[in-house]
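Nothing in this text is a laboratory measurement; each read-out follows from the coordinates by a stated rule. Nothing here was measured: the structure is a model prediction, and the numbers come from that model. Cβ placement follows ideal geometry from the backbone for every residue including glycine, while neighbour counts extend to all protein chains displayed.
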Amino acid sequence: MQLKNKFNHSILLSRKKYRYPLLRNGLDKFDLKKGIQVIQSGHITMNKHTEIFEKKFAKKLKTKYAVMVNSGSSANLLATFASCNPLRKNRFKKGDHAIIQSLCWSTSLWPLVQAGLKVKFVDVNPLSLNVNVEDIISKVNLKTKVIMIINVLGLSCDILRLKNFCRKKKIILIEDNCESLGAKYNEKYLGTYGDFGTFSFFYSHPITSGEGGMIVCNDKEDYNILKSLRSHGWSRNKKTSKKYPNLDPRYIFVNSGFNVRPLDIQAAIALNQFKKLDKFKKIRIENRKKIIDSLKKDSKWKNQFHFIEVPLKMKPSYMVFPIILNPKFKNKKKQFINEIEKRGLQTRPIISGSFVNQPATSLYKLNPKKIRFKGAEKIEKLGFVIGLHTTKISNIEINFIKDCLFLIDKI
Ligand SMILES: Cc1ncc(COP(=O)(O)O)c(C=O)c1O
């Protein structure tokens, strides 16, 4: 009882500042209880909950294998390093080329650079937030060995066309699906089109365990590589110990490695959240629709905002609600965001804007010709996100959001 009160109190304190935060009550008392039970069992490191969660995750997404890690960033790291592993038949080498969109997250990009790939950026479509597949294809050359595609905020490009293209050209497709667990394209889950698909369970993502991530794949060799990369390059397989009878079977290192294992606490919480994914997805879609309908029905509506349309074959799964300002307000965005934040509507940029404008890309000279990506820059200059909660939105909340958003006319 004591513990429960403390948790609720700390959650309230951290959310107090915002009347409409990015996520409200992301973890309920049942999720937290699952984590507490693991702590009380004394076995908090990776254990049976991780294994159960991986199996259930793979089954629901109709993929053969799933490997849990401590974050979505670690999932991207392992997917990239598995793609150049000596045990993989089709692998990239240092100096090969990779393509990534300019609207990306930092740790979608850096594993490619860290693994020695030469990165080329491609612009995104500001109306869909995602890439046009033809733009990627036009950048492919004989050295292109990897495409890192990010399914942005619950939607994707024509991923089926991209997958078929990559298969034909033997290009490794890594789908960074960290923002889009539960979304489907052509009735197939996003994240299962690529050679690897990655997921994040960070706070305010489609499901959360605080921190956490997953990688899915369909190839057994990839699965074994991912498992040993996750844990120091270790193998605890009985077959391996027979193969190396002179080594201590407890410590046989068959590959290079990291340590990016999750805690079993994270797996227990994520597993409980995962059971609610479809419910969360439905509520978020309904909440988004209610906010849009209410804005558009209001007498103050004058196309001040653009909302991302859902492509035909898509069934989205949202974590937040992206909003693009009408270009006539381009000089007002900063003041507008300051004002609505002050009133209690929490916002974030849409991913990190055009990543080539970030100082870290200059540090590593990733865009020496200073190419501008107009689509991503438009999203950076005009776009922002607000929360989409996993409980039904109230009229009070809708009116508050509307009051805040219509302030754009007064600035
Ligand atoms: C597209 C994308 N990839 C990767 C990540 C990294 O996930 P994590 O925060 O779990 O490391 C994020 C995080 O928000 C993301 O949006």
Less than 14 Å Cβ to Cβ from Thr50, Lys/Arg counted +1 and Asp/Glu -1: what total charge do the surrounding residues give?
+3
Cut-off is 10 Å between beta-carbons; in what order do Tyr193, Tyr203 appear when sorted fewest neighbours first?
Tyr203, Tyr193
Could you line up His389, His306 from fewest to most neighbouring Cβ atoms inside 10 Å?
His306, His389
Computed over the Cα atoms of the chain, the Rg and Dmax in Å are 22.0, 80
What residue among Asn132, Asn259, Asn177 has the largest mean-square fluctuation in a Gaussian network model of the chain, using Cα springs under 10 Å?
Asn259
Order of Ile172, Ile396 from fewest to most other C-beta atoms within 10 Å?
Ile396, Ile172
So, counting K/R as plus one and D/E as minus one, what does the shell of residues with Cβ under 11 Å around Val69 add up to?
+1
Using a Cα-Cα cut-off of under 15 Å, which aspartates and glutamates could be cross-linked to Lys300, ignoring same-chain neighbours fewer than 8 residues away?
Asp403, Asp409
When the Debye formula is applied to the Cα atoms of segment 277-410, each taken as the same point scatterer, what base-10 log of I(q)/I(0) results at q = 0.10, 0.16, 0.17 Å⁻¹?
-0.39, -0.90, -0.99
Label-point gap, in nm, between Lys276 and Arg88 - each point 7 angstrom along Cα→Cβ:
3.5
What does the charge add up to near Ile149, with Lys and Arg as +1, Asp and Glu as -1, over the other residues with Cβ less than 10 Å from its Cβ?
-1
Could you grab the relative contact order for segment 277-410? Cα pairs under 8 Å, six or more apart, rounded to a whole percent.
39
